[in-house]
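Enquirer: Below is the structure I would like to discuss, written out as structure tokens.
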Amino acid sequence: MSSYILETKELSKFYKDASRQVAALNDINLQIESSQYIAIVGPSGAGKSTLIHILGGLDLPSSGKVFFEGRNLVSLKFRRLFSLRNKKVGFMFQFYHLLKELTALENIMLPCRLSGQKKRIVRKRAEEIARELDLSQRLNFYPSQLSGGQQQKVAFARAVINEPKVLFCDEPTGNLDHDSAENIRNLIKKLNAAHKTTVVLVTHNLELAKDAQRVLNIKDGRITN
């Protein structure tokens, strides 16, 4: 088995644009060790988000291989891929992607409920995380009733409730004011330092990228460093 938690070999992703083929990623060879904090930077459209979507099993490459703890995600059947994502991967996005018809508590609990865990146990765990994030008084609120910073805290809690091996962050502070952004920034740093969770973060914020142990630059679908 590979010593890397994430690895790609000759990974490419192509999209059809009218009559031509566009390369979002082109021949990416990448190794990420467990517990690393990786930042991915580059201009808009460079392929940053596409790369972490494939690394996290949300999308599949057009060619090449992507390994998660030595398992090739491309070869996994849907059920096994869903199970891996649910149990070992957490995702945070710029626009939160909370379900508007669910309360904050229900949103946090969702990954555990989808995997069939007992509601009572999951609720207790969600409430404990919410307490640490100063969200206890907002658990019965719906996303539309929360500030941007509070919504991203809920998204963070949802992403980590299953204690994932890897947390993928796609511009997690891009839609927040300075204080809320610093709060989320510190939560991600703490998760990596205290729990040894591997973090792979996409950002345009070079200040945020400084938190990473390793910074990857992507341009035109290729890693340039």
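Enquirer: Given the options I38, S3, A24, identify the residue whose Cα lies farthest towards the positive end of the charge dipole of the chain (+1 on Cβ of Lys, Arg; -1 on Cβ of Asp, Glu).
Expert: So the residue we want is S3.
Enquirer: I'm spelling it out carefully: the read-out is mean projected area of the Cα convex hull in nm², the candidates are (1) 13.7; (2) 23.6; (3) 12.9, and one was derived from this structure. Which label?
Expert: (3)
Enquirer: Sticking with this one: What chymotrypsin sites (Phe, Trp or Tyr not before Pro) in the range 67-170 are in a loop by DSSP, with at most 14 other Cβ atoms within 10 Å of the Cβ? Let's see the in-between values first.
Expert: Numbers: sites: F67, F68, F78, F82, F91, F93, F95, Y96, F141, F156, F168; in loops: F95, Y96, F141.
In loop regions of the range 67-170 (DSSP not H, G, I, E or B), the sparsely surrounded chymotrypsin sites (Phe, Trp or Tyr not before Pro) are F95.
Enquirer: So, one more: Find, among the GluC sites (Glu not before Pro) in the range 53-160, those assigned to loop by DSSP (not H, G, I, E, B) with at most 16 other beta-carbon atoms within 10 angstrom.
Expert: Details: sites: E69, E101, E106, E127, E128, E132; in loops: E69, E101.
Here the sparse-neighbourhood loop sites are E69, E101.
Enquirer: Right, another one. Quick one: which residues, 5 or more positions from K13 or on another chain, have an amide H under 5 Å from its amide H? H modelled 1.01 Å from N in the peptide plane, none for Pro or chain starts.
Expert: When sequence neighbours closer than 5 places are left aside, the close amide H contacts are A24, L25, N26, D27, S62.
Enquirer: At 7 Å along Cα-to-Cβ for each site, give me the label-to-label distance between N186 and Y142 in nm.
Expert: Inter-label distance under the simple model: 3.2 nm.
Enquirer: Where is the GNM fluctuation largest for the chain (alpha-carbon springs, 10 angstrom cutoff): V160, V22, V89?
Expert: Result: V22 has the largest fluctuation of those listed.
Enquirer: A further question follows. With axes computed from alpha carbons, what is the tilt in degrees of helix 148-160 against the longest principal axis of the chain, rounded to the nearest 10 within 0 to 90?
Expert: Rounded to the nearest ten degrees, it is 70.
Enquirer: Hey, how much of the P(r) for the range 95-225 falls beyond 20 Å, as a percent of Cα pairs?
Expert: Here the tail beyond 20 Å accounts for 47 percent of pairs.
Enquirer: I'd like the trypsin sites (Lys or Arg not before Pro) in the range 191-223 restricted to DSSP loop residues with at most 10 other Cβ atoms within 10 Å, sorted by number. Working shown, then result.
Expert: Numbers: sites: K196, K210, R214, K219, R222; in loops: K196, K210.
Hits after loop and neighbour filter: K210.
Enquirer: Please report the equivalent ellipsoid semi-axes of the range 170-222, computed as sqrt(5 x eigenvalue) of the Cα gyration tensor, largest first, in whole Å. Numbers along the way, then the final one.
Expert: Numbers: eigenvalues 73, 50, 14 Å².
So the equivalent ellipsoid measures 19, 16, 8 Å along its semi-axes.
Enquirer: Between R79, R138, R71, find the one with the highest GNM mean-square fluctuation for the chain; connect C-alpha pairs within less than 10 Å.
Expert: Of the options given, R79 has the highest mean-square fluctuation.
Enquirer: Quick one: net charge around Q31, please, counting Lys, Arg +1 and Asp, Glu -1 for every other residue with C-beta under 11 Å from its C-beta.
Expert: On the way: positive: K9, R214; negative: E7, E33.
Neighbour charge sum, excluding Q31 itself: 0.
Enquirer: Something else: Of all the C-alpha pairs in the range 1-118, what % are more than 19 Å from each other?
Expert: Working: 3808 of 6903 pairs.
The answer is 55 percent, as a whole percent.
Enquirer: Okay, next question. Counting only protein heavy atoms, what percent of the accessible surface of the range 20-70 is carbon or sulfur at a 1.4 Å probe? Before the final figure, lay out the partial values.
Expert: On the way: 810 of 1910 Å².
Roughly 42 percent of what the probe reaches on the range 20-70 is carbon or sulfur.
Enquirer: Report, in whole Å, the centroid distance computed from the Cα atoms of the range 165-225 and the range 100-144.
Expert: Value for the Cα centre distance between the two parts: 24 Å.
The values are calculated or read from the model by the stated rules, or taken from the named source; none is laboratory data. Every value quoted in this text rests on a predicted model; they were computed, and no experiment measured them. With ideal geometry, Cβ positions are generated from the backbone for all residues, glycine too; neighbour counts draw on all protein chains shown. Accessible surface is based on the protein model in full, side chains and every heavy atom, while ligands, DNA and RNA are left aside. Shrake-Rupley method; radii C 1.70, N 1.55, O 1.52, S 1.80 Å.
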